1. Want the number for residue 17 to residue 168: 0.36 nm per residue separation, take away the alpha-carbon distance, what's left?
2. Using per-residue counts of other Cβ atoms within 10 Å, averaged over each peptide, order 27-38, 86-97, 121-132, 101-112 from highest down.
3. Among 69-76, 161-168, 19-26, how do they line up by average Cβ neighbours within 10 Å per residue, starting with the highest?
4. Starting from the Cα of residue 127, step 7 Å along the direction of its Cβ; do the same at residue 159; then give the gap between the two resulting points in nm.
């Protein structure tokens, strides 16, 4: 079989093509959805998320935030990580959930505060928070994701999650 042609790439291409054609096929529905989405993002959602995102970014960058993360130092030591940044990541996960914790972990690796191995060791704690979230809010009971380190960055995670979703939920 030709190695240059892959069906999964063709599927993603067709999906992107359909998304590009959709606004021309039903412009009024797309305009209404865009209007609603922008209203939601410019309203309370953005106002409630923006301060938290800024604070979580500051928490991971600021060494003085070790005082706030002090209770999580023992948990990080229990995982086997002595780096103070690990306690800050666990603190962010406790305060904001799995998404800010995963983001803080990735940022800590990028800035050199955590090694890749240390970030991998934090994944089970973040996964536990994600599992608790799905246990409390069973909106999509068939879609319980497994949190793993992505080899190719955030874009690959998004593409992989979308591909997995379409494989598990055929049209």
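Computed from the coordinates by the stated procedures, all read-outs in this text should not be read as laboratory data. Please read these numbers as outputs of a predicted model, since none were measured by experiment. Neighbour counts run over all protein chains shown; Cβ positions are idealised from the backbone, glycine included.
1. Values: separation 151, 0.36 × 151 = 54.36 nm, distance 2.15 nm.
Value of the extension gain: 52.2 nm.
2. 86-97, 101-112, 121-132, 27-38
3. Values: 69-76: 17.2, 161-168: 12.1, 19-26: 10.4.
Output ranking for 69-76, 161-168, 19-26: 69-76, 161-168, 19-26.
4. It is 2.5 nm.
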